[in-house]
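Below is one structure; the comments refer to it alone.
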Amino acid sequence: MASSVLFLGWQDPWPGLDFACMATPWLLTLGFSTAFSALFTKIWRINLLFENAIEMNRTNLRAQDVLWPFLLITTTNVALLTSWTLVAPLQWTITFDEERSSDQFGRPTDSYGSCQNDNSHRFALSIGAFN
């Protein structure tokens, strides 16, 4: 998750800013789903052991037995991120602020860039709702 911050520091003359815009949600979502699914899987495994201990049953849990929640969470997030990247990717846009500052000829001297897309909020909300 911490690696998603790296791409937020890129600025305008840098090539590949559209890539950086979409790399941030990918790294943030996959990092969160990896951390969350690891914790969820460990708690689920402990819960299974305690449920069987109450019934005095001996239980052998292998790594393959608790791998499916990790795969389910990660696969779903990858599918949502892939559809976001293909349908409505974030793109680097530059906005000129003509009202706040301009030179003597009326040209804007201030600008700022940001990652934007009109339909990206739908995908961000669906990923947030799933996680």
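The values are calculated or read from the model by the stated rules, or taken from the named source; none is laboratory data. Given the structure is predicted, the values throughout are model-derived calculations rather than measurements. Here the Cβ positions follow ideal geometry from the backbone for every residue, glycine too, while neighbour counts run over all protein chains shown. Please note that ligands, DNA and RNA were not included when accessible areas were found on the heavy atoms of the full protein model with its side chains. Shrake-Rupley method; radii C 1.70, N 1.55, O 1.52, S 1.80 Å.
For residues in region 1-41 being touching a Pro at 6+ places or on another chain (Cβ under 9 Å) and at pLDDT 80 or above, which is most open to solvent (accessible area, probe 1.4 Å)? Explain how you work it out, then say what you get.
Start the filter on region 1-41 by keeping residues that are touching a Pro at 6+ places or on another chain (Cβ under 9 Å), which leaves 4, 18, 21-22, 37, 40-41.
Now drop any that are not at pLDDT 80 or above, which leaves 21-22, 37, 40-41.
Details: 21: 5, 22: 14, 37: 0, 40: 89, 41: 18 Å².
In this case the residue turns out to be 40.
Can you pull out every residue in region 82-91 that is touching a strand residue (DSSP E or B) at 6+ places or on another chain (Cβ under 6 Å) and open to solvent by 50 Å² or more (accessible area, probe 1.4 Å)? Write out each step before concluding.
Taking region 82-91 first, the residues touching a strand residue (DSSP E or B) at 6+ places or on another chain (Cβ under 6 Å) are 90.
Across region 82-91, there are no qualifying residues.
Considering 102, 111, 126, 83, which residue is over 30 Å from residue 19 (Cα atoms) and small (Gly, Ala, Ser)? Outline the logic, then answer.
Details: 111 fails: over 30 Å from residue 19 (Cα atoms); 126 fails: over 30 Å from residue 19 (Cα atoms); 83 fails: over 30 Å from residue 19 (Cα atoms).
It is 102.
If the requirement is being of a type in the set (D, E, K, R) and surrounded by 14 or more Cβ atoms within 10 Å (Cβ to Cβ), which of these qualifies: 107, 62, 45? Spell out the reasoning first.
Values: 107 fails: surrounded by 14 or more Cβ atoms within 10 Å (Cβ to Cβ); 62 fails: surrounded by 14 or more Cβ atoms within 10 Å (Cβ to Cβ).
One residue alone meets the criteria, 45.
Scan region 67-94 for residues that are in contact (Cβ under 8 Å) with a residue 24 or more places away in the chain, under 14 Å from residue 31 (Cα atoms) and of a type outside the set (Val, Ile, Thr) and jot them down.
Within region 67-94, 70, 77, 81 meet the criteria.
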